[in-house]
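S.K.: Structure incoming, see below.
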Amino acid sequence: MLLIGLTGGIGSGKSSVSARLAERGAVVVDADAITRELQEPGQPVLAAMVERFGQDILAADGTLDRQATADLVFADPAALADLNAIVHPAVGAEIARRLEAEAGTDHVVVLDVPLLVESGRSDLAGLVVVDVDPEVAVARLVEHRGFRAEDARARMARQAPREERLAKADLVIDNGGSLQDLEVEVARAWAWIEGLRKG
């Protein structure tokens, strides 16, 4: 297994990059997707969240109301710490399980984690950072994901600074341009990954 880290600030387009790497044959282990799976109705993580934060974090159909949860925890550091204490260990365990399942293979495994730089993982063959101007990221989050601009900026403020991510990167994908530009960037990244594989 060749383990490649993929990270970037919120709104950088990490998911677009990981989807294109998957098309090229990478196995993507996506921390955000795992988090959403673990927060589905019937999962222990969601039950623990409701126990801590109450029914107000649920939508009428019993699913997690992400905006209500964000409104609750992002204004309250203690609540955010409690949320992280519920969610992060469960996500970490599931990531570990999926990596273990790939350990004996010759696959390129892309570990797609928003806070990868902050986590200090040392088992990566390389770290790819998706980079975009923070104001472009805010505009995308507002336009495509329905964020409020102040929410987007608040979440960015809790991630590693852009400069720190770029300093740790082995390869940077610039996602400031068009989708065609991104295709070129991902092709370059895949060629680099293939080089690591042969090396």
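Quick grid of which residues meet (1) assigned to a loop (DSSP other than H, G, I, E, B); (2) in contact with a strand residue (DSSP E or B) (Cβ under 6 Å, 6 or more places away or on another chain); (3) open to solvent by 70 Å² or more (accessible area, probe 1.4 Å); (4) touching a residue at least 40 places away in the same chain (Cβ under 8 Å):
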{"position": "H88", "(1), (2), (3), (4)": "no, no, yes, no"}
{"position": "A93", "(1), (2), (3), (4)": "no, no, no, no"}
{"position": "A96", "(1), (2), (3), (4)": "no, no, no, no"}
{"position": "P114", "(1), (2), (3), (4)": "yes, no, no, yes"}
{"position": "E118", "(1), (2), (3), (4)": "no, no, yes, yes"}
{"position": "A137", "(1), (2), (3), (4)": "no, no, no, yes"}
{"position": "L141", "(1), (2), (3), (4)": "no, no, no, yes"}
{"position": "D151", "(1), (2), (3), (4)": "no, no, no, yes"}
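S.K.: Given the condition in a strand (DSSP E or B) and on the phi < 0 side of the Ramachandran plot, answer yes or no: does some residue in the stretch 34-46 qualify?
M.R.: no
S.K.: How many residues are open to solvent by 50 Å² or more (accessible area, probe 1.4 Å), in a helix (DSSP H, G or I) and not small (G, A, S) when one looks only at the stretch 14-33?
M.R.: Count: 2.
S.K.: Of all residues in the stretch 175-199, how many are part of a loop (DSSP other than H, G, I, E, B), over 16 Å from K14 (Cβ atoms) and in contact (Cβ under 8 Å) with a residue 12 or more places away in the chain?
M.R.: Residues flagged as part of a loop (DSSP other than H, G, I, E, B), over 16 Å from K14 (Cβ atoms) and in contact (Cβ under 8 Å) with a residue 12 or more places away in the chain within the stretch 175-199 amount to 0.
S.K.: Also, I was wondering about something else. Here are R162, R188, R197: which of them is of a type in the set (K, R) and within 17 Å of the chain's Cα centre (by Cα)?
M.R.: Answer to the check: R162.
S.K.: Looking at (1) of a type in the set (S, T, N, Q); (2) under 30 Å from K198 (Cβ atoms); (3) in contact with a helix residue (DSSP H, G or I) (Cβ under 8 Å, 6 or more places away or on another chain), find the lone condition where T105 falls short.
M.R.: (3)
S.K.: Just to check your reading of the model, which residue among G11, G42 is open to solvent by less than 60 Å² (accessible area, probe 1.4 Å) and not hydrophobic (A, V, I, L, M, F, W, C)?
M.R.: Going through G11, G42 in turn, just one is open to solvent by less than 60 Å² (accessible area, probe 1.4 Å) and not hydrophobic (A, V, I, L, M, F, W, C): G11.
S.K.: When you scan the stretch 61-77, how many residues do you find that are exposed (fewer than 12 other Cβ atoms within 10 Å of the Cβ) and either more than 29 Å from A149 (Cβ to Cβ) or modelled with pLDDT under 95 (or both)?
M.R.: Count: 2.
S.K.: Could you go through the stretch 80-87 and let me know if any residue there is within 30 Å of H107 (Cα to Cα) and within 21 Å of the chain's Cα centre (by Cα).
M.R.: Scanning the stretch 80-87, I find at least one residue that is within 30 Å of H107 (Cα to Cα) and within 21 Å of the chain's Cα centre (by Cα), so the answer is yes.
S.K.: Consider only pairs whose beta carbons are under 8 Å apart and that are at least six residues apart or on different chains; among these, list those whose first residue lies in the stretch 160-174 and is within 14 Å of S12 (Cα to Cα) and free of Cβ contacts under 8 Å to residues at least 40 places away in the same chain and whose second residue is surrounded by fewer than 18 Cβ atoms within 10 Å (Cβ to Cβ) and of a type in the set (A, V, I, L, M, F, W, C).
M.R.: Within 8 Å, the pairs are L166/V172.
S.K.: Sticking with this one: Say whether the condition of being modelled with pLDDT of 95 or more, of a type outside the set (K, R), part of a strand (DSSP E or B) and open to solvent by less than 70 Å² (accessible area, probe 1.4 Å) is met by at least one residue in the stretch 153-171.
M.R.: Yes, the stretch 153-171 contains at least one residue that is modelled with pLDDT of 95 or more, of a type outside the set (K, R), part of a strand (DSSP E or B) and open to solvent by less than 70 Å² (accessible area, probe 1.4 Å).
S.K.: Counting just the residues of the stretch 121-132 that are open to solvent by 10 Å² or more (accessible area, probe 1.4 Å) and either at pLDDT 95 or above or in contact with a Phe, Trp or Tyr (Cβ under 7 Å, 6 or more places away or on another chain) (or both), which one comes out farthest from Q159 (Cα to Cα)?
M.R.: Of everything passing the filter in the stretch 121-132, A125 is farthest from Q159 (Cα to Cα).
The values are calculated or read from the model by the stated rules, or taken from the named source; none is laboratory data. As the structure is a computational prediction, the values presented were derived from the model and not from experiment. Virtual Cβ from ideal backbone geometry, glycine too; neighbours counted across all protein chains shown. These accessible areas exclude ligands, DNA and RNA; they are computed on the full protein's heavy atoms, side chains included. Shrake-Rupley method; radii C 1.70, N 1.55, O 1.52, S 1.80 Å.
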